[in-house]
Amino acid sequence: MRHVESWRLLACACAAGVGLVASMGAGAQQIDYDPARPASLRKCDEPLHHGRVEEARNCLRPLLRDAAPLIRAEAAWALGDLRNANEFFRAAVDAEPRATRPRVRWGRMYLDASQYADAAKLFQEALQIDKADRGARLAMARLMAEQFDGDVMDQITLLQTEDPEQVETHLVAARVAIERGELDAAVKSAQRAEALATQQKLPPVEAQTLLAAVEVVRNRDPEQFTKAVLAYNPRYGTLFETLAHFEVIRRRYQEADAWLKRAVAVQPDLWSAQRELGLNLMRLGKMAEARAPLVASFEGDPFNTTTVNTLRLLDSLAQFETIDTAPPALKLLLNKSEAAPLRPYVESLAHQAMATFSRRYGYTPAGPVGVEVYPNHDDFAVRIAGLPGIGLLGVTFGDLVAMDSPSGRKTGDFHWGSTLWHEMAHVYTLGATRHRVPRWLSEGLSVFEEWTTGPTPGVAIGPNVLDTFAADKFLPIAKLDDGFMRPTYEGQVQMAYMQAGLICLFADQRWGFAKLAQFLRAYNDDAMTTSTAVRTAFGVTEEQFDKEFQAFMKQRFQAYLADPKRWATQMQRAHTMLESRNFPAARDAAQAALQMLPEFTSEGSAYEVLAAAEEGLNNPAGAIAALTAWRKAGGWDPAGLRKLGALLLVAHREADAAEVLAAVNYADPLTVDGHDQLGSLLLAQNKGADALREYQVLLALQPLDTAAANYGLARAYRMTGDAAEARRRLLEALDTAPNYRPAQKLLLEMTGDRKP
């Protein structure tokens, strides 16, 4: 089909930054609340705001010949002719290089198309001309709001003070308040915007839409407001698209699906809603169903990067295979290039996670749980956000998990097993609460499960977390979602993850896991607040909970918090002494650092220094002890694990070595090194089934010595009682290497086994 080829070609163009040339359809443009808007445009706005599209177009077309380039630009924009609008705006800027309005309006067009970098550049240029320009400042505030910038309310509050009659400032304030869960404040701002819009004879529908959104977030019927909006403009699909937006933020994808379908029913040419419908269907795992609205969005808006990227991704799924497994029901989507070596580990760990979390949270998904693994990180990023470059490792959409493959990042960059465990925990915490759990608690429980039940147990945190705590930058639990949604300082999102995990660790140690699980389940009640849930589960007030958590942090990390500079000094001394081969001094400094912060296990940790120092002192037992402690604390780097495995083998601790080398697979399963060695160790322990897996994976990775791999696989098959497959593998080995003596010998032995 034509459009299929088109999006394949356009994917490269969009990635290269072709610019804004899309058609958005009349009615997609944001309502303009500027009292300085020219009368000729306001005349055309009136029928458009009421859904009389053809009348509006007939009004706008003559303005394309207006003498003023800014009027021509606005008309082309409203008509959806963004290619010409772009050129007209450029002409308007050239005609008045010191005027702010052309740049602000041009930036607004980019903002409507979610091309944030281009919008920001134009707003900044306007502010360089006039830093006090309210239009530019308001536009920048709206941009900040759409990008979830935590500082946006400071800007909005200032603008409200300067001009309390400006409708849009109250609208932005209402939107941000809804996203932050401050619903009473949202209602106040939206009602103020509605009153001002009515007074100024401007459309009240955006304010009414936000009032409807408040009702939705409160789990109440928004019909009172939706009726009012549709009475004003029966084609205002943005109403339902907005309601879907807030449902997606809350990870209620089924509810979002219903709103988005109403949006495109009301306004089929609302291309953004068509696109969001397709993306949301993908979140629900409905890949085939998602294609139609995405194609519709593409044909109306062929240069939208998100749409183009997502359609390309759907095409690329032909290179994946779907694997259904049970019990429990699991649907894997793996790239064909790595399905064979990766499947055993993903399937085993996912099933283990499902059994663990079903027991711990008392919830079982109604259907299969999907796990999608992407070897190309940009594909994964497009899968979850429509754009490459996102920094996440995994994401959960209800009963569906998508994540990076171990091959999607450099070895050692992330632990894929912990990532899968983390995301699988979300499946159960979201499901157990019908997606009512606050973001911070769902993320906190996932981090907590990584630390306590996952493949790398251990509370692994760094000094930056404790420094943030000491700087009083941890948030009270009532505001912790802000750390995820609207960060106010660099790195706050990661701090929010760590704080949420530590809160769950505290609650588990203070009241026990049963109470922590009760706290989670309390959110099944649609009316539940965090304050009430805390009191119900733990018997304390929200304020008492925060106070006790602070005390927990100070007590648990007392040694570090008492003197952070001393820890840094000891770490520096440990590395310096190791480099100078002063092993006793390096050992002493590393031990001192570990006494202060044993939770630090990242690259360059004191555990590594201590192990190296012990080796330097010819004390392999000490090195083993150091690396064992590192692993127990949460260390997982493949190089460190392989080092520990090698030391254990030299110490003739084969069973321990096998256990450590098996753990490498949850960090780096797609490297050839280690599978043969682990398979051999497992055979020596009479663990034929486990050895079978290792040799099967080894062959799937196409090692140089296929004869030895087939020989090992034959031994495993023989141990598990499959003599026929064992003989077949021996013949495979001998076909590759006819003089391979171990295979010859084993084949003769097995021939003897067949004699009566």
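Points worth noting:
- Within region 558-647: Cβ-based charge dipole about Cα centre, in debye rounded to nearest 20 (Lys, Arg +1; Asp, Glu -1): 60 debye
- Sites D378 and K286 - FRET efficiency at Förster radius 25 Å, r taken between beta-carbons, to 0.05: 0.65
- For region 302-350, applying the loop criterion from DSSP together with a ceiling of 15 other beta carbons within 10 Å to the trypsin sites (Lys or Arg not before Pro) yields K336.
- Taking 0.36 nm per residue of separation and subtracting the Cα-Cα distance, full extension of the segment from A470 to Q191 would add 96.4 nm.
- Label-point gap, in nm, between A639 and E55 - each point 7 angstrom along Cα→Cβ: 7.1 nm
- Nitroxide proxy distance, nm - points 7 Å out along Cα→Cβ at Q685 and E725: 2.1 nm
- When +1 charges are put on Lys and Arg Cβ atoms and -1 charges on Asp and Glu Cβ atoms, the dipole computed for region 77-203 relative to its Cα centre reaches about 240 debye.
- Using alpha-carbon coordinates, inclination of helix 152-162 to the longest axis of the chain, degrees: 20 degrees
- Extension gain for S531-A514 works out to 4.3 nm (0.36 nm per residue, less the C-alpha to C-alpha distance).
- Charge dipole of the chain about the Cα centre (unit charges at C-beta), most positive-ward option of Y428, S114, I477: Y428
- Our coupling estimate for region 100-114, obtained by passing each phi through the Karplus curve with A = 6.51, B = -1.76, C = 1.60 and θ = phi - 60°, is 7, 4, x, 5, 5, 5, 4, x, 4, 5, 5, 4, 4, 8, 6 Hz, Gly and Pro reported as x.
- Mean Cα-pair separation over length for the chain, i.e. relative contact order, pairs under 8 Å, 6 or more apart, %: 8 percent
- FRET efficiency for the pair R83 and I390, taken as 1/(1 + (r/R0)^6) with r the Cβ-Cβ distance and R0 = 30 Å, rounds to 0.55.
- Straightening the chain between Q550 and N739 buys 61.1 nm, computed as 0.36 nm per residue apart minus the Cα-Cα spacing.
- Seen through its C-alpha gyration tensor, with square-root eigenvalues sorted a ≥ b ≥ c, region 558-647 comes out oblate because a/c lies at 1.5 or above while a/b is not bigger than b/c.
- Region 609-693: C-alpha gyration tensor shape, a/c 1.5 cut-off, then a/b vs b/c: prolate
- Fraction of beta bridges assigned by DSSP in the chain that are antiparallel (%, nearest 5): 50 percent
- Estimated from the Cβ-Cβ distance and a Förster radius of 22 angstrom, the FRET efficiency linking I129 and A36 is about 0.85.
- Rounded, prolate or oblate (a/c below 1.5 giving rounded, otherwise prolate when a/b exceeds b/c) for the chain by Cα gyration tensor: prolate
- Dimensions in Å of region 319-557 - Rg and Dmax from alpha carbons: 18.0, 54
- Over the chain, dividing the summed -39,500 (n - 2.57) contributions of all DSSP H runs of at least 4 residues by the number of residues returns a 222 nm mean residue ellipticity of -21000 deg cm²/dmol.
- Helix 654-664 vs. the chain, principal-axis angle (Cα, 0 to 90°, nearest 10): 20 degrees
- In degrees, nearest ten, helix 305-316 long axis to first principal axis of the chain (Cα): 40 degrees
- Fraction of antiparallel bridges per DSSP, region 319-557 only, in percent to nearest 5: 50 percent
- Neighbourhood charge, 10 Å Cβ-Cβ cut-off, centred on L641 and excluding it, Lys, Arg +1 and Asp, Glu -1: +1
- Modelled spin labels at R220 and A258, positioned 7 Å past Cα toward Cβ, are 1.8 nm from each other.
- Burial order of peptide ranges 348-357, 627-636, 60-69 (average beta-carbon count within 10 Å, highest first): 627-636, 348-357, 60-69
We did not get these values from a lab; they are worked out from the coordinates using the rules stated. Predicted, not measured: the structure shown is a model, and the values here were computed from it. No Cβ is skipped: glycine too gets one built from the backbone with ideal geometry, and neighbour counts run over all protein chains shown.
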